[in-house]
1. Cβ-Cβ under 9 Å, sequence separation 6+ or interchain: first residue in the range 28-40 and assigned to a loop (DSSP other than H, G, I, E, B), partner of a type in the set (Phe, Trp, Tyr). Which pairs?
2. Failed condition for residue 136, given (1) more than 16 Å from the ligand (Cβ to nearest atom); (2) open to solvent by less than 50 Å² (accessible area, probe 1.4 Å); (3) farther than 18 Å from residue 7 by Cβ; (4) out of contact with any Asp or Glu (no Cβ under 9 Å at 6 or more places or on another chain), with all others met?
3. Please give the number of the condition residue 164 fails out of (1) in contact with a helix residue (DSSP H, G or I) (Cβ under 6 Å, 6 or more places away or on another chain); (2) within 16 Å of the ligand (Cβ to nearest atom); (3) in a loop (DSSP other than H, G, I, E, B); (4) not aromatic (Phe, Trp, Tyr).
4. Quick one: is residue 94 within 15 Å of the chain's Cα centre (by Cα) and more than 20 Å from residue 167 (Cβ to Cβ)?
5. Out of all the residues in the range 49-57, is one or more crowded, with 16+ Cβ neighbours inside 10 Å, assigned to a strand (DSSP E or B) and modelled with pLDDT of 95 or more?
6. Condition (residue is free of Cβ contacts under 8 Å to residues at least 60 places away in the same chain and away from the ligand (no atom under 16 Å from the Cβ)) applied to the range 141-149: is it met by at least one residue?
7. What about residue 5, is it touching a Gly at 6+ places or on another chain (Cβ under 8 Å), surrounded by 12 or more Cβ atoms within 10 Å (Cβ to Cβ), closer than 27 Å to residue 116 by Cα and modelled with pLDDT of 95 or more?
Amino acid sequence: MAERLFVAVAVPAEVRARLDDALAGLRERWPTLRWTRPEGWHLTLAFVGDAEEDRAQAVSDAAAEAAAETGPFEVALTGALGTFGQRVLWAGVAAPEGLTTLAGRTRASLATRGVDVDDRPFSAHLTLARAPGRGRLPRSSSDWQGPTSRWWVTEVRVMRSVPAAGGPRYEARSVHPLTVDA
Ligand code: 3AM
């Protein structure tokens, strides 16, 4: 059976906890948005979509290869919000070269194996909420100041998106450590 896959970097529990706390006011103010689950927060490197077993294996191999070419690096939340059009609200992520390089390697390794990915350029972000149905995000994005937590990225994950009531759940299908010495 096909699985819906993407490749991502996880966000550690303590960073999620701080961000989650900082969002309480916004969630109250904008209750109709579809807020993402903190336990599923991640930074997407490449979106693959539906994959049968062979293709899923190729995605794992590609993630492993990209991870093996890359060393650990630090990323940080910027503390600011941003949007994709009027549909997606995200927390900013300072994109160090390491993250952009890792996304580029992941996409190149996928392409080498014949796995097409969404061809929008990589843009580091952490999706917080989506507009409901055909709705739009609120026009004013507020003067919200979130945490500027930092963390070390030490692995890449192939994630499976599973439909669920209240929005998809994300599960790690495989985990690939970054193994080049920093
Ligand atoms: O990490 P975020 O939330 O930015 O938006 C979807 C989510 O990204 C994105 O893949 C991640 C896991 O679902 N996604 C879903 N469908 C997509 C598509 N057709 C897509 N990205 C590009 N093209």
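The values are calculated or read from the model by the stated rules, or taken from the named source; none is laboratory data. Given the structure is predicted, the values throughout are model-derived calculations rather than measurements. Reconstructed Cβ throughout: ideal geometry from the backbone, glycine too, with neighbour counts over all protein chains shown. Remember, those area values only see protein heavy atoms, side chains included, never the ligands or the DNA or RNA. Shrake-Rupley method; radii C 1.70, N 1.55, O 1.52, S 1.80 Å.
1. Matching pairs, first to second residue: 37/170.
2. With (1) more than 16 Å from the ligand (Cβ to nearest atom); (2) open to solvent by less than 50 Å² (accessible area, probe 1.4 Å); (3) farther than 18 Å from residue 7 by Cβ; (4) out of contact with any Asp or Glu (no Cβ under 9 Å at 6 or more places or on another chain) applied to residue 136, the lone miss is (2).
3. Of the numbered conditions (1) in contact with a helix residue (DSSP H, G or I) (Cβ under 6 Å, 6 or more places away or on another chain); (2) within 16 Å of the ligand (Cβ to nearest atom); (3) in a loop (DSSP other than H, G, I, E, B); (4) not aromatic (Phe, Trp, Tyr), the odd one out for residue 164 is (1).
4. Working: within 15 Å of the chain's Cα centre (by Cα): yes; more than 20 Å from residue 167 (Cβ to Cβ): yes.
Criteria met by residue 94.
5. Kept after step one, since they are crowded, with 16+ Cβ neighbours inside 10 Å, are these residues of the range 49-57: 51, 55-56.
Still in the list and also assigned to a strand (DSSP E or B): 51.
Adding the requirement that they be modelled with pLDDT of 95 or more leaves 51.
The answer is yes, given that some residue of the range 49-57 is crowded, with 16+ Cβ neighbours inside 10 Å, assigned to a strand (DSSP E or B) and modelled with pLDDT of 95 or more.
6. yes
7. Against the criterion (touching a Gly at 6+ places or on another chain (Cβ under 8 Å), surrounded by 12 or more Cβ atoms within 10 Å (Cβ to Cβ), closer than 27 Å to residue 116 by Cα and modelled with pLDDT of 95 or more), residue 5 qualifies.
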